[in-house]
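Asker: Let me give you the structure first, and then I'll get to my questions.
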Amino acid sequence: MTKDILKDILDIPGIYKITNNINGKCYIGQSVFLNRRIKRHLSYKSHKDNSALYKAFDKYGIDNFSIEILESFDTNDYSYIKKKLDELEIYYIDKFNSYGNGYNKTIGGDAGITGYKFTEEQRKKVSDNSKLYASNYYKPVYLKSVITRYTKMYISESHASTDLNCGHSQISRVCDWKQMLLNGEWVGGRSYEDLDNRYAQFLKLDKPCRFVRKLTVHEYYNKLKSIGNGDMPTVKQISEVIGICKKTIATYNKELLEIGLLKEIKYHKYKLN
């Protein structure tokens, strides 16, 4: 982990993970200014900090550590994003067990107290309160790029619509899972968990079909939508445009059916011309 990594890290809100490449232990951190926070870690020798992470830097050498940005957000609403970062920090510390078997001193979030571990009931209450706060005041929008894995968070559809220069209906369709991608790049959701599930669904699309290897399921899905100028294409049209036989078409459709996307493109029945 050297200063060279700073050129690839924007000074925006996010969650990061520092991993010891020798023993696999890690540290989960958050900041509303990622670049500045990472820069501070890199210059740890100038701080009077006796943390477990910095002790590990001295013991193993900072070059034996790597850093990964787990989440990043494009937003100026720091009051709301801080609450979201707290929630995500708790989630990732628990996921990677960096409090019980890593370098984190707390379970994360503003409620984190050194040496104190939340019960499942307390953790659920924190999460439920965050969701209630959001639902009472606005419909948040979460978008994740399937190309860069970059995450954008907006406090409302109006903010998202203005920033992305697209209609409210497009934002709603993507976030409510009525449309797969926004502008051919962004998956959407109404919460972090929602977005995570949607992104996982997309990753299934982005892998080769289990039965054939000519196209990924995502590539087939996009080609299928583009055939017939919006009308329901026939097997013959699909075969001519994509260059695959009826049996292969059926295997791709089976994949789409399993993840619920055959219904999304309103394509339930094929007819031969």
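The values are calculated or read from the model by the stated rules, or taken from the named source; none is laboratory data. Source: prediction; values computed, not measured. Methodologically, a virtual Cβ is constructed for each residue, glycine included, from the backbone with ideal geometry; neighbour enumeration extends over all protein chains shown.
Asker: So, of the residues in the stretch 153-168 that are in a helix (DSSP H, G or I) and touching a helix residue (DSSP H, G or I) at 6+ places or on another chain (Cβ under 6 Å), which turns out to be nearest to ASP74 (Cα to Cα)?
Answerer: If we filter the stretch 153-168 for residues that are in a helix (DSSP H, G or I), which is where we start, we get 157-164, 168.
Pick out the ones that are also touching a helix residue (DSSP H, G or I) at 6+ places or on another chain (Cβ under 6 Å) and you get 157, 160-161, 168.
Values: GLU157: 14, ALA160: 10, SER161: 14, HIS168: 19 Å.
Once the filter is applied, the top-ranked residue is ALA160.
Asker: Hey, does the stretch 185-205 have a residue that's modelled with pLDDT under 85, within 19 Å of LEU256 (Cβ to Cβ), part of a loop (DSSP other than H, G, I, E, B) and touching a His at 6+ places or on another chain (Cβ under 9 Å)?
Answerer: No, the stretch 185-205 has no match at all.
Asker: Take TYR60 and decide whether it is within 18 Å of GLY109 (Cβ to Cβ) and among the aromatic types (Phe, Trp, Tyr).
Answerer: no
Asker: Specify the residue that is modelled with the lowest pLDDT; the eligible residues are those in the stretch 1-17 that are crowded, with 17+ Cβ neighbours inside 10 Å and in a loop (DSSP other than H, G, I, E, B).
Answerer: Restricting to residues being crowded, with 17+ Cβ neighbours inside 10 Å and in a loop (DSSP other than H, G, I, E, B), the top hit is MET1.
Asker: Mind checking whether some residue in the stretch 51-63 is among the acidic types (Asp, Glu) and at pLDDT 90 or above? Outline the logic, then answer.
Answerer: Let us first name the residues in the stretch 51-63 that are among the acidic types (Asp, Glu), namely 58, 63.
Subsequent filtering for residues that are at pLDDT 90 or above retains 58, 63.
Yes, the stretch 51-63 has at least one match.
Asker: Cβ-Cβ under 7 Å, sequence separation 6+ or interchain: first residue in the stretch 6-29 and over 24 Å from LYS82 (Cα atoms), partner in a strand (DSSP E or B) and of a type in the set (Gly, Ala, Ser). Which pairs?
Answerer: Note: pairs meeting the criteria are ASN21/SER66.
Asker: Follow-up question, since we're still on this one. Based on this model, can you work out whether LYS39 counts as touching a residue at least 12 places away in the same chain (Cβ under 8 Å), under 30 Å from VAL141 (Cβ atoms) and basic (Lys, Arg)?
Answerer: It is false that LYS39 is touching a residue at least 12 places away in the same chain (Cβ under 8 Å), under 30 Å from VAL141 (Cβ atoms) and basic (Lys, Arg).
Asker: While we're looking at this one, here's another question. Considering only residues that are within 21 Å of GLU89 (Cα to Cα) and among the hydroxyl-bearing types (Ser, Thr, Tyr), look in the stretch 18-43 and name the one that is surrounded by the fewest Cβ atoms within 10 Å (Cβ to Cβ).
Answerer: Across the stretch 18-43, the extreme among qualifying residues is SER31.
Asker: Is it true that LEU143 is surrounded by 21 or more Cβ atoms within 10 Å (Cβ to Cβ), hydrophobic (A, V, I, L, M, F, W, C) and modelled with pLDDT of 55 or more? Spell out how you get there, then give the answer.
Answerer: Numbers: surrounded by 21 or more Cβ atoms within 10 Å (Cβ to Cβ): yes; hydrophobic (A, V, I, L, M, F, W, C): yes; modelled with pLDDT of 55 or more: yes.
The answer is yes for LEU143.
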